[in-house]
Ligand SMILES: Nc1ncnc2c1ncn2[C@@H]1O[C@H](COP(=O)(O)OP(=O)(O)O)[C@@H](O)[C@H]1O
Ligand SMILES: [Mg+2]
């Protein structure tokens, strides 16, 4: 579902608008008398716009394919996400994957979990002031997949429950989509832990 929405938005912003503008400009071009130099300039600008639209389409295709591969390569893709996060933020990251965690995930499950992780890390970066964050994938009681993101930052504000934002909402929706649930709670002595619990079978 979300993949389609993202695709629609990307196509609109990065392709459709460029092509529409080109059409209008070409129409204007037909109505005017140009010398050869002017005409060549005009055509060059259409070529540039065409190249840009093509390059944007290639990026979009690449991202779509990336999402497709995400299921077969989930843990290492998350590993790379965490490396980039660590470089960007100077927050120390650790990743633990328990025995029994599936080596292959269904594409939809992988995409949803990956987006949850991105937003959770985003929140750690924006709100926690943490020095370290631990990400874990484990299987509990044989049939529950548990994903957690735990930081050692400032923790949640006391009024937290009343004003959760779009990020939390999106993460909850993704967990729900996978038949699971998501919670966030303070950690003693300091920090915040976000946990998604999903039936393992929904990941396969
Ligand atoms: N790791 C965290 N540490 C401290 N506060 C957090 C953390 N994650 C979320 N929060 C709190 O929860 C709020 C809601 O998060 P979110 O729904 O993602 O909205 P946003 O990030 O746009 O503020 C944040 O504004 C912040 O106050
Ligand atoms: Mg957020």
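Readers should treat all values here as calculations from the given coordinates under stated rules, not as data from a laboratory. Note that the structure is predicted; figures quoted are calculated from it, not measured. Because the Cβ atoms are built from the backbone with ideal geometry, glycine has one as well, and the counts that use them run over all protein chains shown.
Using just its DSSP H runs of length 4 or more, each adding -39500 (n - 2.57), the chain gives a mean residue ellipticity at 222 nm of -17000 deg cm²/dmol after division by all residues. Fewest neighbouring Cβ atoms within 10 Å first, the residues 198, 40, 57 line up as 40, 57, 198. Axis of helix 107-123 versus longest Cα principal axis of the chain: the two differ by about 80°, to the nearest ten degrees. Restricting the calculation to Cα atoms, every distinct pair contributes to the Kirkwood radius of the chain, found to be 19.7 Å.
How tilted is helix 74-89 with respect to the longest principal axis of the chain? Cα atoms for both, answer in degrees (0 to 90, nearest 10). Approximately 80 degrees, to the nearest 10.
In terms of the mean number of neighbouring beta-carbon atoms within 10 Å, the peptides 183-196, 22-35, 100-113 order highest first as 100-113, 183-196, 22-35. The angle between the Cα long axis of helix 2-11 and the main principal axis of the chain comes to about 20°, on a 0 to 90 degree scale. Beta bridges per DSSP, both residues in the chain: antiparallel share near 80 percent.
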